[in-house]
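Written out below as structure tokens is the structure these notes cover.
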Ligand code: 6PG
């Protein structure tokens with residue numbers, strides 16, 4: 001996959017919600033629009049979902065929207081930007097959470113849900129297989145994903161791109177996680193023996209039309225400010241789609257000490 005940025009304008013917008021419920025409504029509406037747009041443009045949509053706790057309510061509302069609009073679920077492909085080294089049946093599993101809140105409720109056909117296949121064999125092989133499955137035999141430079149949904153931690157991590165971890169790439173290289181991490185997918189070794197995660201690399205995550213970060217909590221204010229400002233010490237600053245949205249609660253935004261300046265949109 002080429003790492004050249006695509007031509008054209010890239011936009012960054014921040015949508016401020018009054019509380020987590022309002023955030024879920026605004027986020028679900030935005031995700032639904034991105035999916036609908038992809039379906040009408042090319043009769044298919046490719047979506048990468050995040051884990052974490054923030055998107056649960058959004059996913060439930062999105063399931064209702066997909067169902068109510070009778071969108072063709074057999075034409076929407078679902079991927080996961082990262083995954084924990086656990087089976088789908090585990091409460092820790094990102095795929096498990098997305099199935100429970102969104103995919104089962106929206107009756108996504110089995111073949112449209114693309115699993116990392118954890119925890120089987122070597123995590124590096126899982127990462128290699130997942131990148132291959134996503135990219136297939138693509139011969140063009142059109143975006144890999146129509147929509148990438150992401151969360152962010154108070155340390156600025158997004159997907160499983162943790163600032164203090166190392167990535168094991170499929171070619172055997174072991175590199176600190178950084179904005180210029182090469183490769184498409186990696187197995188991530190968390191520090192202090194906290195085990196493995198699997199993640200798409202920045203290059204793959206931002207090969208995307210719409211990126212939506214869902215962020216709540218006052219503890220994430222500093223990371224949010226850095227991510228929006230493009231501070232390269234903050235992994236969430238590395239991922240930009242053709243259009244990028246930070247959908248945040250007022251609490252998180254006001255703790256940053258800014259009003260969001262020009263990119264704030266009270267949708
Ligand atoms: C995961 C993630 C991760 C998450 C953030 C925010 O697997 O947990 O994909 O990047 O989005 O840690 O998580 P919360 O929404 O729970 O704060």
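Under 19 Å from a point placed 7 Å out from the Cα of residue 53 along the Cα-to-Cβ direction: which residues of segment 157-195 have their backbone N that close?
157-160
According to the square roots a ≥ b ≥ c of the eigenvalues of the Cα gyration tensor, what is the shape class of segment 11-107, taking rounded for a/c under 1.5, prolate for a/b larger than b/c otherwise, and oblate for the remainder? Intermediate values should be presented prior to the final figure.
Working: a/c = 1.58, a/b = 1.13, b/c = 1.40.
In terms of gyration-tensor shape, oblate.
Provide the descending list of Cα extents for segment 43-162 along its principal axes, expressed in whole angstroms.
40, 36, 27
For the chain, I need the span (max minus min coordinate) of the C-alpha atoms along each principal axis, in Å, sorted largest to smallest.
Here the spans come out as 46, 41, 40 Å, largest first.
Just to check, using Stokes-Einstein with a Kirkwood Rh over alpha carbon pairs, what's the diffusion coefficient of segment 109-267 at 4 °C and 1.567 mPa s in µm²/s? Write down the numbers at each step before the final one.
Working: Rh = 16.6 Å.
Diffusion coefficient, whole number: 78 µm²/s.
What is the Cα radius of gyration of segment 22-63 over 2.2 N^0.38 Å, N being its residue count? Could you put the intermediate results ahead of the total?
Details: Rg = 10.9 Å, N = 42, 2.2 N^0.38 = 9.1 Å.
Compactness ratio reported: 1.19.
Report the FRET efficiency, 1/(1 + (r/R0)^6), for residue 231 and residue 171, where r is their Cβ-Cβ distance and R0 is 22 Å, rounded to 0.05.
So the FRET efficiency works out to roughly 0.15.
Tell me, in nm to one decimal, what length is gained between residue 193 and residue 70 on full extension, where the rule is 0.36 nm per residue of separation less the Cα-Cα distance? If you can, show how the numbers build up before the last one.
On the way: separation 123, 0.36 × 123 = 44.28 nm, distance 4.54 nm.
Using 0.36 nm per residue and subtracting the Cα-Cα distance, I get 39.7 nm.
Only the coordinates and a few stated rules stand behind these numbers; no lab work does. Since the structure is predicted, the reported quantities are computational estimates derived from the model, not experimental observations. Every residue, glycine among them, receives a Cβ derived from its backbone with ideal geometry; neighbour counts consider all protein chains shown.
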